[in-house]
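Since the structure comes first, as structure tokens, the remarks are kept for the end.
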Amino acid sequence: MNFRHVTGGLGLACAAWGGWLLLQQPEPWRIAVWLGGAVAVHDGFIAPLVFAVAALAAAAGLRLRGVPRAALIVAGSLTAIALPALLRPGGTANPTVLPLDYLRNWLLAMAAIALFTVVHAALHAALRALTRRADRGA
Amino acid sequence: MRFTLPPGPPVTFKARLHDARTATAIGRWLGLAMAVCFATGVLSHYLQHPPGWLADRLPSRPYWGYRLTQGLHVASGIAAVPLLLAKLWAVYPRLFAWPPVRSLRHALERISVAVLVAAALFELFTGLLNTFQWYPWPFNFVPVHYAVAWLLLGALLLHVAVQWPLIRDHFTRRSPGTLALPAADGPDRRQLLLGVTAAVGAVTLTTAGQSVTALGALELFGPRSPSHGAQGLPVNRTAAAARITPASLADWRLTVHGPRPYTLTLEELRAMPQHDVTLPIACVEGWSKSAHWTGVRVRDLLERAGGGADARARVVSLEAAGAYRVMEMGRLYAQDPLTLLALRLNGEELSLDHGYPARIIAPNRPGVLQTKWVGRLEAA
Ligand code: HEM
């Protein structure tokens, strides 16, 4: 008995309890389909998409590192949490549910991130050119 | 014909940073977010559906308790979105481990990882969509989200136990496992983690305004906004949805049951001692907003009906149907001087959507239990 066994055993017990609770639900197989579907959509679609973008960028000679990569992570994350508001069909229960202009806000956020990235890259390039000229002058 | 395994995996990855240090560094924050999410979620579950033995022990203070914990529940769930995606990116190549199964033990491990990933994605997805009041699934959200939370906690504990040697060896920048990785990856990894941190900050700041009123100006993607709603407060269930019309309230009376039952007209309620309180409405969906309420103390109403100093309350709404039409209020809530049968909100008579003529407002409770359109109160 050590820390790993206790933690693992506790984990098995909690997971078994959760599984038992799920089996009490009407038609648990429907829940299993959604659980499996989540993995299938992530592993079969979202992740390959991300790796494909990176591969395309690499093929185009772009190095997705530093700020541009961080910008893509931030943009992707914001898109993920904004998607429900952008895609939700049907009306809302009342005007205080989803009261914001989510499409406008999403476009604003994407534009701000793009602007930041471009300005950062431009400043970086300018700085590099300056130091190079200074080096040459010296 | 004999099936032979191809000599190598179908996909290989050349990219850097798919290593145990990256998995540990992101995993630590993901684990923390999941722990906060689980603890606050279980708390909310029991506040909303307390078993009998607990009902009279649930504390009514601090008055902002549920606002904080449920705000944290939704915020930590949202913060976990970039963390989970980054974590899965870091370990994605291991999906194609070759050979796919080495031993029975390895097979069981992989099954437990599949359960972990399924439960994590499922909880974040269903939780997020719920805050947008979007329920595309064919099951009941509350019991299923609760059950999968236990599945996730269990699979996560098991995962940490299984990966413990790697986690320990990569826990810090100077742990032996980290030092054994290519040194050139260090700065690159720190930039990656900085990007993930920025993403956590961005999703938090652009949604937290739904519960932290001071951050309202930064709110871009929250499903509720503190600046929207009649009388300064968002609404969940409207009078129309509850089938309450002004006509149906024409001869409204409050009936109070107990050893000495009585009824009151709205005029008589207004003539009783009024109290002002400042209390938040804190919804299970995560949004919350503080407001000023004026009305009669519930404990005064119970006492007048002959309920003792430890009376609890049952509150019945006039709405025709609804899961929370009848609300049970434990002793500590019922006797708290902040708990009101409110008649006024932010200086005005309650609007119909906010529960006119009278609604409950109590400290440290989920919004669905702040019963609107109260018709009957029972001292028990
Ligand atoms: C919801 C939470 C988590 C999910 C969904 C998750 C998911 C995964 C997956 C899918 C793997 C690959 C397993 C395999 O080899 O087949 C993995 C590996 C790993 N995880 Fe997690 N994880 C979570 C939390 C954590 C936490 C809290 C930690 C530690 C602080 C952690 C540390 C690790 C480590 C060290 C590895 C091994 C990486 C390697 O072998 O290079 N994970 N995780």
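Looking at segment B:140-160, I want the residues that are outside any helix (DSSP H, G or I) and have a partner that is away from the ligand (no atom under 12 Å from the Cβ) with Cβ atoms under 8 Å, at least 6 apart or on another chain. Which pairs are those?
Correct list of pairs: B:Asn140/A:Gln25.
Enumerate the strands (runs of 3 or more DSSP E) found wholly within segment B:300-380, keeping only those where 3 or more residues are surrounded by 20 or more Cβ atoms within 10 Å (Cβ to Cβ).
Numbers: elements: B:313-317, B:326-329, B:340-345, B:359-361, B:374-379.
In segment B:300-380, the matching strands (runs of 3 or more DSSP E) lie at B:313-317, B:340-345, B:359-361, B:374-379.
Could you check, for segment B:99-109, whether at least one of its residues is closer than 27 Å to B:Ala202 by Cβ, among the basic types (Lys, Arg) and away from chain A (no Cβ under 11 Å)?
Looking only at segment B:99-109, we keep the residues that are closer than 27 Å to B:Ala202 by Cβ, and these are none.
There is no residue in segment B:99-109 that is closer than 27 Å to B:Ala202 by Cβ, among the basic types (Lys, Arg) and away from chain A (no Cβ under 11 Å).
Is it the case that some residue within segment B:243-257 is crowded, with 20+ Cβ neighbours inside 10 Å and assigned to a loop (DSSP other than H, G, I, E, B)?
Yes, segment B:243-257 contains a residue that is crowded, with 20+ Cβ neighbours inside 10 Å and assigned to a loop (DSSP other than H, G, I, E, B).
Given (1) in contact (Cβ under 8 Å) with a residue 24 or more places away in the chain; (2) under 21 Å from the mean Cα position of the chain (by Cα); (3) surrounded by fewer than 21 Cβ atoms within 10 Å (Cβ to Cβ); (4) not in a helix (DSSP H, G or I), where does B:Arg224 come up short, assuming only one miss?
(3)
Restricting attention to segment B:137-150, does a residue exist that is within 12 Å of chain A (Cβ to nearest Cβ) and either closer than 16 Å to B:Ala25 by Cα or within 11 Å of the ligand (Cβ to nearest atom) (or both)? Write out each step before concluding.
Within segment B:137-150, the subset within 12 Å of chain A (Cβ to nearest Cβ) is B:137-150.
Among the residues that remain, those that are also either closer than 16 Å to B:Ala25 by Cα or within 11 Å of the ligand (Cβ to nearest atom) (or both) are: none.
No; the residues of segment B:137-150 include none that is within 12 Å of chain A (Cβ to nearest Cβ) and either closer than 16 Å to B:Ala25 by Cα or within 11 Å of the ligand (Cβ to nearest atom) (or both).
Restricting the search to segment B:164-212, which residues are away from the ligand (no atom under 16 Å from the Cβ) and not in a helix (DSSP H, G or I)?
B:Arg174, B:Ala183, B:Ala184, B:Thr206, B:Thr207, B:Ser211, B:Val212
Does B:Ala33 fit the bill of being within 16 Å of the ligand (Cβ to nearest atom), more than 23 Å from B:Val212 (Cα to Cα) and buried (at least 19 other Cβ atoms within 10 Å of the Cβ)? So that I can check it myself, show each step before the final result.
On the way: within 16 Å of the ligand (Cβ to nearest atom): yes; more than 23 Å from B:Val212 (Cα to Cα): no; buried (at least 19 other Cβ atoms within 10 Å of the Cβ): yes.
The answer is no for B:Ala33.
Among B:Gly65, B:Gly41, B:Gly77, B:Gly52, which is the only one that is out of contact with any strand residue (DSSP E or B) (no Cβ under 7 Å at 6 or more places or on another chain), at pLDDT below 95 and small (Gly, Ala, Ser)? Before you say what the answer is, go through the steps one by one.
Details: B:Gly65 fails: at pLDDT below 95; B:Gly41 fails: at pLDDT below 95; B:Gly77 fails: at pLDDT below 95.
None of the other options fit; the residue is B:Gly52.
Counting only residues that are part of a helix (DSSP H, G or I) and hydroxyl-bearing (Ser, Thr, Tyr), how many does segment B:42-60 have?
Narrowing segment B:42-60 to residues part of a helix (DSSP H, G or I): B:42-48, B:52-55.
Cutting the leftovers down to hydroxyl-bearing (Ser, Thr, Tyr) gives us B:44, B:46.
Looking only at that region, the number is 2.
What is the residue count in segment A:72-103 for residues that are within 18 Å of the chain's Cα centre (by Cα) and polar (S, T, N, Q)?
Residues meeting the conditions: 2.
Given the structure, is B:Leu128 touching a residue at least 24 places away in the same chain (Cβ under 8 Å), more than 14 Å from the ligand (Cβ to nearest atom), open to solvent by less than 60 Å² (accessible area, probe 1.4 Å) and hydrophobic (A, V, I, L, M, F, W, C)? Before the answer, list the steps.
On the way: touching a residue at least 24 places away in the same chain (Cβ under 8 Å): yes; more than 14 Å from the ligand (Cβ to nearest atom): yes; open to solvent by less than 60 Å² (accessible area, probe 1.4 Å): yes; hydrophobic (A, V, I, L, M, F, W, C): yes.
Against the criterion (touching a residue at least 24 places away in the same chain (Cβ under 8 Å), more than 14 Å from the ligand (Cβ to nearest atom), open to solvent by less than 60 Å² (accessible area, probe 1.4 Å) and hydrophobic (A, V, I, L, M, F, W, C)), B:Leu128 qualifies.
Just need a number here: residues in segment B:194-204 that are crowded, with 18+ Cβ neighbours inside 10 Å and either among the basic types (Lys, Arg) or within 12 Å of A:Arg65 (Cα to Cα) (or both).
Qualifying residue count, segment B:194-204: 1.
Does at least one position in segment B:53-68 carry a residue that is crowded, with 23+ Cβ neighbours inside 10 Å, assigned by TED's automatic domain parsing to the domain that holds B:Leu157, of a type in the set (Phe, Trp, Tyr) and more than 9 Å from the ligand (Cβ to nearest atom)?
Residues of segment B:53-68 crowded, with 23+ Cβ neighbours inside 10 Å: B:66-67.
After this cut, where a residue has to be assigned by TED's automatic domain parsing to the domain that holds B:Leu157 as well, the list is B:66-67.
Imposing the further condition that a residue be of a type in the set (Phe, Trp, Tyr) reduces the set to B:66.
Filter once more, keeping what is more than 9 Å from the ligand (Cβ to nearest atom): B:66.
Taking every residue of segment B:53-68 in turn, at least one turns out to be crowded, with 23+ Cβ neighbours inside 10 Å, assigned by TED's automatic domain parsing to the domain that holds B:Leu157, of a type in the set (Phe, Trp, Tyr) and more than 9 Å from the ligand (Cβ to nearest atom).
So is A:Arg69 of a type in the set (Lys, Arg) and within 7 Å of another protein chain (Cβ to nearest Cβ) or not?
Details: of a type in the set (Lys, Arg): yes; within 7 Å of another protein chain (Cβ to nearest Cβ): yes.
Criteria met by A:Arg69.
Can you confirm whether B:Phe122 is touching a Lys or Arg at 6+ places or on another chain (Cβ under 7 Å) and open to solvent by less than 20 Å² (accessible area, probe 1.4 Å)?
Answer is no for this residue.
Kindly list the number of the only condition in (1) within 30 Å of A:Ser77 (Cβ to Cβ); (2) in the same structural domain as B:Gly347 (by TED's automatic domain parsing) that fails for B:His275.
Exception for B:His275: condition (1).
Going by what's in this entry, would B:Ala214 be described as over 30 Å from B:Ser44 (Cβ atoms), open to solvent by 50 Å² or more (accessible area, probe 1.4 Å), at pLDDT below 95 and more than 7 Å from chain A (Cβ to nearest Cβ)?
Working: over 30 Å from B:Ser44 (Cβ atoms): no; open to solvent by 50 Å² or more (accessible area, probe 1.4 Å): yes; at pLDDT below 95: yes; more than 7 Å from chain A (Cβ to nearest Cβ): yes.
Taking the combined requirement at face value, the residue does not satisfy it.
The values are calculated or read from the model by the stated rules, or taken from the named source; none is laboratory data. Remember, predicted model here, so these are calculated numbers, not experimental data. Here the Cβ is made from the backbone with ideal geometry for all residues, glycine too, and neighbour counts use every protein chain on show. Quick note on the areas: whole protein, heavy atoms, side chains included, nothing else; ligands and nucleic acids left out. Shrake-Rupley method; radii C 1.70, N 1.55, O 1.52, S 1.80 Å.
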